[in-house]
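Heads up: the structure comes next, in structure tokens.
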Amino acid sequence: MNEPRTLFDKVWAAHEIVRSEDGEALLWVDRHYVHEGSFHAFTRLGERGEAAAEPSLTFAVADHYVPTGGSRASASNPEIARMVRTLEENCAKHHITLFGLGDPRQGIVHVVGPEQGMTLPGLLIVCGDSHTSTHGALGALAFGIGASEVAHVLMTQTIWQRKPKRMRISLAGRPEPGVAAKDIVLALIARIGADGATGHAIEFAGPAIRSLSMDGRLTLCNMAIEAGARCGMVAPDETTFRYLEGRPYAPRGAAFARAVEDWSRLKTDDDASFDRDVQLDASEIVPFVTWGTSPEDALPIDGCVPDPTSTTDETRASYLRSALEYMGIAPGKRLTEIAIDRVFIGSCTNARMEDLRAAAAVLAGRVSKVPGLVSPGSSQVKRQAEDEGLDRIFRAAGLEWASSGCSMCAGMNGDVVAAGERCASTTNRNFRGRQGRGARTHLMSPAMVAAAAVSGHLADVRLLLAGRTQ
Amino acid sequence: MQKFTTLTATACPIEIANLNTDQLIPVRFLKLPRSAGLGKFLLHDLRCDAQGHERPDFPLNRPAWREARILVGGRNFACGSSREAAVYALVDWGIRCVITPSFGDIFAGNAVQNGLLTAVVRDEEAAVLMAALGAEPSLPVTVDLAAQTIASGRDTLRFSIDPVRRLRLLNGWEDIDLTRSHGSEIAAFKAMDRARRPWAIPPNAPAPDPRP
């Protein structure tokens, strides 16, 4: 009888080429995604005179620096144009498939991978981006790496890793209307901390996960890194298989049936043990927003920001003072009294169809009190949203409907929040200066961003959903 | 890669939890090649004001700590973005070792690739070390990787580090050399795996929908 194993154990074991005596394993990489930011690694290959080892397993997407406005044929900023051009040149040189500017499949790499069926259950996927954890939503083992490791993967299609510990997040119950995957994951990070899962591979399990859509699962796994996790995973099931069938790079016909047979075995055995177990009840989770400068600074929308004088822990008090000063919020202020200057709906966290529909359901027939930008997760999502008429709802509400890219999540392409401005954002990081130097970010779900837009301040979307369906 | 054996230097305390890689090097400097030298952008927006002038009260700007080769930080140091430029900025500034209660996983992996030692100590040990440095900023600190010790004044702490990373730093080994020595195992794995998981090979995708 074999030792009971977790989903993570099974996928890890299937990729071990060598395990050294000191416990590191050399793992085979099934998919390697690269983007404009991967230029350091290509430079390294050039210095060593090496070629990409497995170009057919490497896919490139232009996302981090691409412009989201105008014709997009070329970026107007020469430095940004150079970043996109360098990626094009490196892909041509190494025979790597590129979804570049102008390609109908272009989008944010973590949206495009699943959407095109390049991301599959049981694969090991790496990318020089921390939000690579997203792809675990399909039952892949996916994690972010740095430039040196990107170069190593390009040269060998392998990576050295020590096996992380295993952590299970079990979600019971069903979320109330108006409560989204983003709220669940913010509630989780508020509870365990921004380093609560450091050194661990998370498996999201339980009834609330089984009933969660693929888009919702992608949001959860995307934010696993914000809890410090090496990766987040969801066991593949019918939802996964239905999502994948017919996608361009997914197996077809008999090969798909054979794959589903294999994928169906990718689940945690009944008696398998985890190093850590955390339980949450989705039915008790309410809409969450962040107030500070770490994703762990998240609270239910009906709460008040902390008051540094109410703690005796001087380190904590000092952190609270510093975060509140940066955010420009008085201690103890009601979250719903915090006025905003703009909104952003986009990013690899929350710019898929379900996200845009949820925001549009709140915005329909209403007008935003602040300016804002909507950047769909991919060019394909953009087309589908336009087919459904969502672009008209966003525009009628006064928001800008833009093209797809990382955009205002990291501000690399010039889409930034001005210093001192406050942005309600569907993104993943409320770090100081993340959306632009001096920018103040409040993270929340797409529906909550829409609620903040029509209210002009942070607001509980549940009060705006009466009589509407999401 | 530069080896790390022992280091005696001044150590700069930066008492900020969750000091993420967006702080270590802001995004607008990520377009630059490594050859530009990224040290001047280390912690740029915390070290410098909006006009680009140094804030004299920021620890790394204080005369006693400008030449520090060791940083002592708060928990979850360098969490967030995978940008290896965060390591480049530290190394180019002259930092060879960071001591904290915990590191972001991706950063710790990037650090070892560049000869930067990530030494993990307990929360209270980091706090004691920071307090000692606050009281005596020029206190020399000696980090011995073989012994896994940090000595300052009369105190000696033990730190932890992944044993494989320790060996790589001590010897200056690069991953690629070790990997190349496993070439035949990689080829055998690839052949076996193609038969076992045929669906893992991406098919030639149909032409995309031409709509822009």
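A short reminder: the numbers here are calculations on the coordinates, not readings from a lab. The structure displayed is predicted, hence computed values, not measured ones. Every residue, glycine as well, gets a Cβ built from its backbone with ideal geometry; the counts of neighbours run over all protein chains shown.
For residue A:392 and residue A:211 in one chain, what is 0.36 nm times their gap in residues minus the Cα-Cα distance, to one decimal in nm?
Contour length minus Cα-Cα distance gives 62.1 nm.
Sort B:32, B:169 so that the residue with the fewest other Cβ atoms within 10 Å of its own Cβ comes first and the one with the most comes last.
Ranked by crowding around the Cβ, least crowded first: B:32, B:169.
Under 30 Å between C-alpha atoms is the cut-off here; go through the protein assembly as shown and count lysine pairs that meet it, provided they're at least eight residues apart or on different chains.
Final tally of qualifying lysine pairs is 26.
With each pseudo-label sitting 7 Å past Cα toward Cβ, what's the residue B:207-residue A:418 distance in nm, one decimal?
About 4.7 nm separates the two model spin labels.
Between residue B:1 and residue B:187, how high is the FRET efficiency from 1/(1 + (r/R0)^6) when r is the Cβ-Cβ distance and R₀ = 25 Å? Nearest 0.05.
0.40
Report the gain in length on full extension from residue B:48 to residue B:122: 0.36 nm times residue separation, minus Cα-Cα distance, nm rounded to one decimal.
23.6 nm
Could you list B:88, A:326 in order of exposure, starting from the residue whose Cβ has the fewest other Cβ atoms within 10 Å?
Values: B:88 25, A:326 14.
Placing the least packed residue first, the sequence is A:326, B:88.
For region A:288-464, calculate the relative contact order in percent as a whole number, restricting contacts to Cα pairs under 8 Å that are 6 or more residues apart. Before the final figure, lay out each step's value.
Values: 408 pairs, mean separation 48.7, N = 177.
Dividing the mean separation by the residue count of region A:288-464 yields 28 percent.
What is the dipole size for region B:6-176, taken about its Cα centre, with +1 at each Lys and Arg Cβ and -1 at each Asp and Glu Cβ, in debye to the nearest 20?
Working: 18 positive and 19 negative charges, 65 e Å.
So the magnitude is around 320 debye.
Tell me whether chain B comes out rounded, prolate or oblate; compute the Cα gyration tensor, take square roots of the eigenvalues as a ≥ b ≥ c, and use a/c under 1.5 as the rounded threshold.
oblate
Rounded to the nearest 0.05, what FRET efficiency do residue B:156 and residue A:176 give with R0 = 60 Å and r taken as the Cβ-Cβ distance? Could you check?
For R0 = 60 Å, the calculated efficiency reads 0.65.
Which one of A:349, A:255, A:293 is farthest out on the positive end of the charge dipole of region A:227-362, using unit charges on Cβ (Lys, Arg +1; Asp, Glu -1) and the Cα centre as origin?
My answer, from the dipole projection, is A:255.
Can you give the calculated 222 nm mean residue ellipticity of chain A, where each DSSP H run of n ≥ 4 adds -39,500 (n - 2.57) and the sum is split over every residue, rounded to the nearest 500 deg cm²/dmol?
The per-residue figure over chain A is -9000 deg cm²/dmol.
Quick check: from the Cα gyration tensor, does region A:352-470 come out rounded (a/c under 1.5), prolate or oblate?
Oblate is the answer for region A:352-470, as a/c is 1.5 or above yet b/c matches or exceeds a/b.
At a Förster radius of 41 Å, what calculated FRET efficiency corresponds to the Cβ-Cβ distance of residue A:339 and residue A:22, to the nearest 0.05?
Values: r = 55 Å, r/R0 = 1.34.
Efficiency computed from Cβ-Cβ geometry: 0.15.
Distance between the C-alpha centers of region A:334-375 and region A:226-298? Whole Å please.
Measuring centre to centre over Cα atoms gives 25 Å.
Between residue B:178 and residue B:62, what length comes free when the chain is fully extended (0.36 nm per residue of separation minus the Cα-Cα distance, one decimal in nm)?
Stretched out fully, the residue B:178 to residue B:62 stretch lengthens by 37.6 nm.
Compute the separation of the alpha-carbon centres of region A:395-417 and region B:88-124 and state it in Å as a whole number.
Rounded to whole Å, the Cα centres lie 34 Å apart.
Arrange A:426, B:179 by Cβ neighbour counts within 10 Å, fewest through most, would you?
B:179, A:426
Evaluate the distance, in nm, between pseudo-label points positioned 7 Å from the Cα of residue A:271 and of residue B:146 along their respective Cα→Cβ axes.
If labels sit at residue A:271 and residue B:146, their model points lie 4.8 nm apart.
If the only charges are +1 at each Lys and Arg Cβ and -1 at each Asp and Glu Cβ, what is the size of the charge dipole of region A:83-226 around the Cα centre, to the nearest 20 debye? Could the numbers behind the result be given before it?
Details: 13 positive and 12 negative charges, 106 e Å.
Roughly 500 debye for region A:83-226.
Amide H to amide H under 5 Å from residue A:160: which residues, 5+ apart in sequence or cross-chain, H placed 1.01 Å off N in plane?
Amide H neighbours of residue A:160: A:27.
Per-residue mean of other chain beta-carbon atoms within 10 angstrom of the beta-carbon, peptide B:100-109? Could the numbers behind the result be given before it?
Working: counts 0, 1, 4, 4, 6, 15, 12, 2, 3, 11.
Rounded to a whole number, the mean comes out at 6.
If a/c stays under 1.5 just call it rounded; otherwise compare a/b with b/c (prolate if a/b is bigger, oblate if not). Do that for the protein assembly as shown, with a ≥ b ≥ c from the square roots of the Cα gyration tensor eigenvalues.
The shape class here is rounded.
Using 7 Å Cα-to-Cβ label points, what is the residue A:48/residue A:261 separation (nm, one decimal)?
Spacing of the two 7 Å Cα→Cβ label points: 3.9 nm.
Amide H of residue A:233: which non-local residues (sequence gap of 5 or more, or other chain) have their own amide H closer than 5 Å, using H built in the peptide plane?
Answer set, sorted by chain and number: A:202, A:203, A:204.
Work out the charge dipole of the protein assembly as shown with +1 on the Cβ of Lys and Arg and -1 on the Cβ of Asp and Glu about the Cα centre, then indicate which of A:100, A:339, A:76 is farthest towards its positive end.
Comparing the listed Cα positions along the dipole, A:76 ranks first.
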